[in-house]
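Structure first, then comments.
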């Protein structure tokens with residue numbers, strides 16, 4: 001394959017069948033993230049780590065955009081407007097969004113009298129998590145899911161994409177996350193990823209999973225900052241528990257997946 005030759009729609013589709021090419025794109029994305037982790041002077045559990053990761057996420061977005069425009073079939077990656085879906089199909093994703101935003105509001109409301117939330121810092125956290133939501137959905141529910149579907153079919157491809165999403169977060173060990181917590185993150189991201197994955201397949205689009213993913217990450221990080229300032233940790237525990245249940249429900253649906261390419265009507 002000549003990478004410098006203009007790509008046709010058929011060539012772009014065949015590029016998803018190229019395991020060396022797909023692997024190379026994924027490795028470059030991992031290297032961008034790892035380099036950002038190594039550059040950071042903050043521990044992963046410090047909210048300032050997320051704020052400072054904005055530049056790395058911006059680089060990753062630029063790489064994904066360039067690679068997609070250059071080599072990949074946009075319509076097969078879920079980069080399109082959502083199609084209508086029944087309420088019950090999108091209920092886990094919608095419920096996760098409502099619960100996490102409600103927990104975030106309740107956490108802010110529980111701050112001690114006289115303690116004001118740092119709204120400027122919250123906005124900087126949101127700035128980073130918006131890109132995190134876009135990039136991780138683009139990679140794992142877009143690019144990799146589309147490729148793995150062509151390699152192994154929808155169900156097996158979805159499962160492998162979820163496993164890649166979970167193990168990807170082991171990079172956080174480099175940022176100072178203890179091994180035990182890293183294992184918990186792998187499990188929790190697979191569960192959350194199941195919610196995002198089914199939301200993407202049911203709506204034939206990455207749009208809503210990107211939005212909810214960004215809000216979930218923002219709320220979790222910001223609630224951690226608010227808890228350090230004296231807010232109640234209970235809403236966070238409730239939200240994470242509900243998210244786990246929704247993840248289990250979605251994981252069962254992933255195990256039963258059948259059908260054609262995830263983003264083709």
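Readers should treat all values here as calculations from the given coordinates under stated rules, not as data from a laboratory. Everything quoted here is computed from the prediction, not taken from an experiment. Note that each Cβ is placed from the backbone with ideal geometry, even for glycine, and that neighbours are counted across all protein chains shown.
Based on C-alpha pairs under 8 angstrom that are at least 6 apart in sequence, region 9-255 has a relative contact order of 31 percent. Each peptide in 208-220, 233-245 gets a packing score, the mean of other Cβ atoms within 10 Å over its residues, and the list from highest to lowest is 208-220, 233-245. Mean sequence separation of contacting Cα pairs (under 8 Å, at least six apart), scaled by the length of region 124-265, corresponds to a relative contact order of 36 percent.
Scoring 108-118, 15-25, 191-201 by mean Cβ neighbours within 10 Å over their residues and listing the highest first yields 191-201, 15-25, 108-118.
On full extension, the segment bounded by residue 163 and residue 8 gains 52.7 nm, given 0.36 nm per residue less the C-alpha separation. One decimal place: the segment residue 38-residue 63 gains 7.1 nm when fully extended, by the rule 0.36 nm per residue minus the C-alpha distance.
Residues of region 93-119 with the amide nitrogen closer than 14 Å to a label point 7 Å from the Cα of residue 232, along Cα-to-Cβ, please. Counting only backbone N, you get 102-113. Here the simple spin-label model places points 7 Å from the Cα toward Cβ, and for residue 30 and residue 70 these points are separated by 2.0 nm. Ranking of 46, 202 by neighbouring Cβ atoms within 10 Å, starting from the fewest: 46, 202. In region 44-178, Cα pairs under 8 Å separated by at least six residues give a relative contact order of 40 percent. Rounded to the nearest 10 degrees, the angle from helix 179-203 to the longest Cα principal axis of the chain is 60 degrees. Highest average first, the peptides 164-173, 34-43, 142-151 ordered by how many other beta carbon atoms sit within 10 Å of their residues are 142-151, 164-173, 34-43. For the chain, the longest principal axis of the C-alpha atoms and the axis of helix 54-71 are separated by about 20°. Each of residue 127 and residue 151 was given a label point 7 Å from its Cα along the Cα-to-Cβ line. The distance between the two points is 3.7 nm. Taking Cα centroids, how far is region 124-142 from region 174-242 in Å? If we compute the Cα centre of each part, the gap is 12 Å.
Working note: 222 nm ellipticity from helices only, DSSP H runs with n ≥ 4, each -39,500 (n - 2.57), summed and divided by the residues of the chain, gives -23500 deg cm²/dmol to the nearest 500.
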